[in-house]
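Reading through the structure tokens given below for one structure.
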Amino acid sequence: MAQSTEEVSYLEAISQALDEEMARDERVFLMGEDIGMYGGAFKITEGFLQKYGEWRVLDTPLAESGFVGAAIGAAMMGLRPVVEMQFADFISCAFDQITEVAAKNHYRWGAAVPMVIRAPFGGGVHGGPFHSECPEGWFFHSPGLKLVAPSTPYDAKGLLKAAIRDPNPVIYFEHKFLYRRIKSTLPQEDFVVPLGKADVKRIGNDISVITYGAMVHLALEAAQSLAHEGIDLEVVDLRTLMPLDKETIYASVRKTSKAILLHEDNKTGGVGAEIAALLAEECFDCLDGPVIRIAPPDTPVPFSTPLEEFFLPKTSDIIAAARKLATY
Amino acid sequence: MDVAVIAKEIKREDLLRMYDYLRLTRAVEDRITALYRQGRIVGGVYTSYGMEAIAVGYASALERDDVIAPFHRDMGAFLIRGFTPGEVLAQYLGKRVGPSKGKDGNVHMGDLRRGVFGFVSHLADNLPVAAGAALAFKMRGESRVVFTGTGDGGSSRGDFHEAMNFAAVRRLPVVFFCNNNQYAYSTPLRLQMAIPNVVDRAKAYGMPGEIVDGNDVAEVYLAAKHAIAKARAGEGPSFLEFKTMRMHGHSEHDPAKYVPRELLEEWKKKDPILKAEQLLKQLGYGEEAYFHEVADRVKKEVEAGVEFAEQSPLPEGPEVLEGVFAMSADSH
Ligand SMILES: Cc1ncc(C[n+]2csc(CCOP(=O)(O)OP(=O)(O)O)c2C)c(N)n1
């Protein structure tokens, strides 16, 4: 595939995906707070209102449950809504619609709900307890939802396109910290990143770091410094949390025999806890050391800089864990 | 309402058809209640006994292409949309041939092809969903309408208010209703809201509303017709409060001792089937012999449904794993 010559940010990649899908399929439309004239809190939909009009870029009242519910109804009537949560934290207001209606309709009575909820999540931006949350754990536990969390512009674009074309409700966790910090060139052609497929972002032989979202970049950083010490990390980027790509996880751990699970969501009951349990069930024989979880403590995300720095996983945490594991 | 007005505004065949469905609804639900008492139906059974005129009236007022997101006491709407007594009973018995294949029970059934959304227990959750369906119709310039509602209890939920507000702001073709049967489980209206009429809740959203005798199928039908016509003409949503009374307990296990007996006696005289018969007689459309005939006919239909449902197989355990994710959304 031919690459664009210009570097595209993670944020621009999301914007491109929305624009291209709206142009490709007239059933695709956007809903959310302040996404029209204002272009969204992060300006992802800037210019969309002028281009697509107020019935494809709907500014909604401040009522997450109401507009997520409306997206469900529109999806069942043949449209392809993409809902923007201004911040992932506010998804709690729509929790009921997502878990009880969208997630269960197909199972209960056969109605597919093809919709996407974009949820800007994650910390490192001094957002405090209500603007930094990683709420994927709540939904990871609710059958019927697909969950994705891209770490690069390529994945951000390809996963969003795949999510929009998927016949199920998909929550798309886009990391705010990556918006303007991560850039790359992208293919010029239309492409998707299939849901349910993890990606090995760095091949290595000694320890598997299984992670997603902004933490992927932390793991890659750690891998670089550890390479000097002769510790070779493999970095598995889950990309899709549900359905979970167990094959790729198992294949990596069978090769390295050691695993670190790294995420930004709270430790207890997080995605890492589930993968640790799966490894105990399926890969016990090939493990050469304890499965280590690196995740924030079980507190809300704090505001003040030293507190947030303490809270979030750091490259040094990964390095320390890897050194420990290397001794086994 | 004036008999002459009804005679002019409702076709004889439509009234007779509604009478059929009042009878069929009661026959189906009475049979379900009996099966429940015999322990043959597990789970909850919530009936519309004494309130049948609401769903029968509004569902009769809609066109085939319109969509219904019904309430849990709207059996009549399912029947009018073509759910057969056999399918309904199979649903209650947890059979594979039931609309939800045993995945869900009682009135929790839906079918997009028949324009009926599956009911969600979380009261009022389907109201925003209904508004969203209406949004789709409006965006595509279709002249289809959505009908949805909840009880007086459900009207306290945020989703009720979020849906009404959104529909009003975007002038969506949706009609909201509330069956005000004076109780939400055991909670009387006075502990539910500090206003006497649920319809006042619509005012806050700039939505026109109306109080309707929920026990009179002709009144329900006409009020629904007018609200639907307005929605279809692009005039936006409206709200109908159907005043009625819940004549059975909240569910069939609830003897409803908290409801004063005198209140029930008073409402018994307003039974919707009785009211419909009085109207049909006044209009010269039917009399006792005919009413018996209908009652017999629907009874046979229901018995055939029971037979069909009982003889159908239960799903196999591993079927639990099927259908979590959709493979395609092409059908809609
Ligand atoms: C959100 C929610 N809370 C509680 C319940 C449990 N519940 C089921 S029906 C009901 C009362 C409903 O009253 P109302 O809305 O007036 O309808 P009615 O049953 O009287 O027709 C309650 C409390 C529920 N289904 N959903």
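Given a Förster distance of 25 angstrom, what is the FRET efficiency for residue A:95 paired with residue B:169, based on the Cβ-Cβ distance and rounded to 0.05?
Details: r = 23 Å, r/R0 = 0.92.
With a Förster radius of 25 Å, E is 0.60.
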Original post:
Is any residue of the stretch A:205-246 close enough, with backbone N under 16 Å, to a label point placed 7 angstrom from the Cα of residue A:328 along the Cα-Cβ axis, and if so, which?
Top reply: A:205-210, A:232-234
**OP:** Please identify the helices of chain B, taking whole runs of DSSP H, that span at least 15 Å along their own axis as judged from the Cα atoms and have a mean Kyte-Doolittle score of -1.0 or higher.
**Re:** B:12-37, B:126-140, B:158-169, B:217-232, B:272-283, B:288-311
**OP:** Calculate what fraction, in whole %, of the accessible area of chain B sits on carbon and sulfur atoms when a 1.4 Å probe is rolled over the protein chains.
**Re:** 52
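Roughly what % of Cα-Cα distances in the protein assembly as shown sit above 32 Å, to the whole percent? Write out the running numbers ahead of the final one.
Working: 118506 of 217470 pairs.
Here the tail beyond 32 Å accounts for 54 percent of pairs.
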Subject >> Distance between the stretch B:255-327 and the stretch B:59-95 - C-alpha centres, whole angstrom >> reply: 11
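Test of understanding: express the Cα radius of gyration of chain B as a ratio to 2.2 N^0.38 Å, with N the residue count. Intermediate values should be presented prior to the final figure.
Details: Rg = 19.3 Å, N = 332, 2.2 N^0.38 = 20.0 Å.
Dividing the Cα radius of gyration by 2.2 N^0.38 Å gives 0.97.
Give me the net charge of residue A:208's neighbourhood, meaning all other residues with Cβ under 14 Å from the Cβ of residue A:208; Lys, Arg count +1, Asp, Glu -1.
Neighbourhood net charge equals -2.
Hey, can you rank A:317-323, B:296-302, A:188-194 by average C-beta count inside 10 Å, highest first?
Values: A:317-323: 19.4, B:296-302: 16.0, A:188-194: 13.3.
Highest mean packing first, the order is A:317-323, B:296-302, A:188-194.
Over all residues in A:39-51, what is the mean tally of Cβ atoms on other chains that come within 10 Å of each residue's Cβ? Walk me through the numbers on the way to the answer.
Details: counts 0, 0, 0, 0, 0, 0, 0, 0, 0, 0, 0, 0, 0.
Other-chain Cβ atoms within 10 Å of each residue's Cβ, averaged: 0.
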Original post:
How big is the antiparallel share of DSSP beta bridges in the protein assembly as shown, given as a percent to the nearest 5?
Top reply: 15
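At R0 = 35 Å, how high is the FRET efficiency between residue A:299 and residue B:264 if r is their beta carbon distance? Nearest 0.05 is fine. Each step should come with its number before you reach the end.
Working: r = 54 Å, r/R0 = 1.55.
Between residue A:299 and residue B:264 the formula returns 0.05.
Which value, in Å², gives the accessible area per residue of chain B when a 1.4 Å probe is used on the protein heavy atoms? Can you show the working numbers first?
On the way: 13470 Å² over 332 residues.
Dividing the accessible area of chain B by its residue count gives 41 Å².
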Original post:
Just the Cα atoms of chain A, one point each, no solvent: what log10 I(q)/I(0) does Debye give at q = 0.16 Å⁻¹?
Top reply: -1.37
Original post:
What is the log10 of I(q)/I(0) for the stretch B:146-287, computed with the Debye formula using one identical point scatterer on each Cα and no solvent, at q = 0.12, 0.15, 0.20 Å⁻¹?
Top reply: -0.55, -0.81, -1.18
Original post:
Roughly how tilted is helix A:271-282, in degrees to the nearest 10 and between 0 and 90, from the longest Cα axis of chain A?
Top reply: 50
Original post:
Where the centroid of each part is defined by its Cα atoms, how far is the stretch A:244-262 from the stretch A:25-56 in Å?
Top reply: 39
Original post:
Where both partners of a DSSP beta bridge lie in chain A, what percent of those bridges are antiparallel, to the nearest 5?
Top reply: 20
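Using 1/(1 + (r/R0)^6) with R0 = 45 angstrom and r between the beta carbons of residue B:281 and residue A:37, what's the FRET efficiency to the nearest 0.05?
Values: r = 61 Å, r/R0 = 1.36.
The value I calculate is 0.15.
Once a ≥ b ≥ c are taken as the square roots of the eigenvalues of the Cα gyration tensor of the stretch A:185-328, is the result rounded (a/c under 1.5), prolate (a/b larger than b/c) or oblate (a/b not larger than b/c)?
Here the stretch A:185-328 falls in the rounded category.
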**OP:** Please give the helix A:315-326 orientation as an angle from the longest Cα principal axis of chain A, in degrees from 0 to 90, rounded to the nearest 10.
**Re:** 40
Original post:
Magnitude of the Cβ-charge dipole of the stretch B:236-332, K/R +1 and D/E -1, about the Cα centre, nearest 20 debye?
Top reply: 720
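Rounded to the nearest 5, what % of the DSSP beta bridges within the stretch B:48-199 are antiparallel ones? Present the calculation step by step, with values, prior to reporting the outcome.
Working: 3 of 13 bridges.
Percentage antiparallel, nearest 5: 25.
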Original post:
Once both axes come from the Cα atoms, what is the angle between helix A:215-227 and the longest principal axis of chain A, in degrees from 0 to 90, rounded to 10?
Top reply: 30
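The values are calculated or read from the model by the stated rules, or taken from the named source; none is laboratory data. Please read all numbers here as calculations on a predicted model, not as lab measurements. FYI the Cβ positions are ideal-geometry reconstructions off the backbone, even for glycines, and counts take in every protein chain you see. Protein only, heavy atoms only, side chains kept; ligands, DNA and RNA dropped before computing areas. Shrake-Rupley method; radii C 1.70, N 1.55, O 1.52, S 1.80 Å.
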